[in-house]
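Trainee: Dropping the structure in here first, questions after.
The values are calculated or read from the model by the stated rules, or taken from the named source; none is laboratory data. From a predicted model like this one, the values you see are computed outputs, not experimental measurements. Using ideal geometry, Cβ is built from the backbone for each residue, glycine included, and neighbour counts are taken over all protein chains shown.
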């Protein structure tokens with residue numbers, strides 16, 4: 001219930017701050033409104049697709065990151081890759097382990113550390129999630145030509161790099177899934 005209220009209040013606040021009529025206002029207001037509206041659309045497409053897996057976007061992101069690691073990551077490394085505080089990783093990994101997608105293993109190099117390994121089911125689910133995200137991205141950005149997509153990527157990377165250099169206010173704050181927000 002708390003998550004639902006948080007989601008409702010966050011959406012309500014965003015709606016009040018950025019009205020749906022993004023065709024009016026100054027450039028910054030239009031840019032902010034469009035960006036947030038498209039971010040909500042992307043989040044909605046992803047959340048809808050993830051429902052079949054029983055995962056939240058934060059859990060799916062953690063699963064994807066673990067799957068892209070060359071070696072099983074430690075819990076602290078996963079937190080770093082997700083741009084979250086380490087304590088935010090525990091409930092994500094708990095849920096993934098309960099779903100049979102991840103298993104914890106003792107790190108032979110440091111018995112105090114825990115390594116995270118994908119199960120066969122976790123690998124297969126990760127591949128399906130990758131396909132889902134590709135379809136959702138294709139649907140969202142379908143109206144753009146390949147050249148326009150490359151330009152958009154270039155522009156967003158420029159903004160992202162600048163935010164990273166500036167210390168990106170908002171990094172590490174809880175998102176709607178109870179995990180810490182961040183890139184990824």
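Trainee: Going through the stretch 51-89 one residue at a time, which ones are part of a helix (DSSP H, G or I), within 20 Å of residue 105 (Cα to Cα) and more than 14 Å from the chain's Cα centre (by Cα)?
Mentor: Selection gives 67, 68, 75, 76, 77, 86, 87.
Trainee: Give 112, 87, 68, 103 a once-over and let me know the one that is without any contact (Cβ under 8 Å) to a residue 12 or more places away in the chain and farther than 27 Å from residue 163 by Cβ.
Mentor: Values: 87 fails: farther than 27 Å from residue 163 by Cβ; 68 fails: farther than 27 Å from residue 163 by Cβ; 103 fails: without any contact (Cβ under 8 Å) to a residue 12 or more places away in the chain.
Answer to the selection: 112.
Trainee: Can I ask one more? Identify the residue in the stretch 140-152 that is assigned to a helix (DSSP H, G or I) and surrounded by 12 or more Cβ atoms within 10 Å (Cβ to Cβ) and, among all such residues, is modelled with the lowest pLDDT.
Mentor: Among residues in the stretch 140-152 that are assigned to a helix (DSSP H, G or I) and surrounded by 12 or more Cβ atoms within 10 Å (Cβ to Cβ), the one modelled with the lowest pLDDT is 140.
Trainee: Enumerate the pairs (first residue in the stretch 140-162 and free of Cβ contacts under 8 Å to residues at least 24 places away in the same chain; second residue anywhere and assigned to a helix (DSSP H, G or I)) with beta-carbon separation below 9 Å, excluding pairs fewer than 6 apart on the same chain, so at least 6 apart or on different chains.
Mentor: 141/148; 141/149; 141/152; 144/151; 144/152
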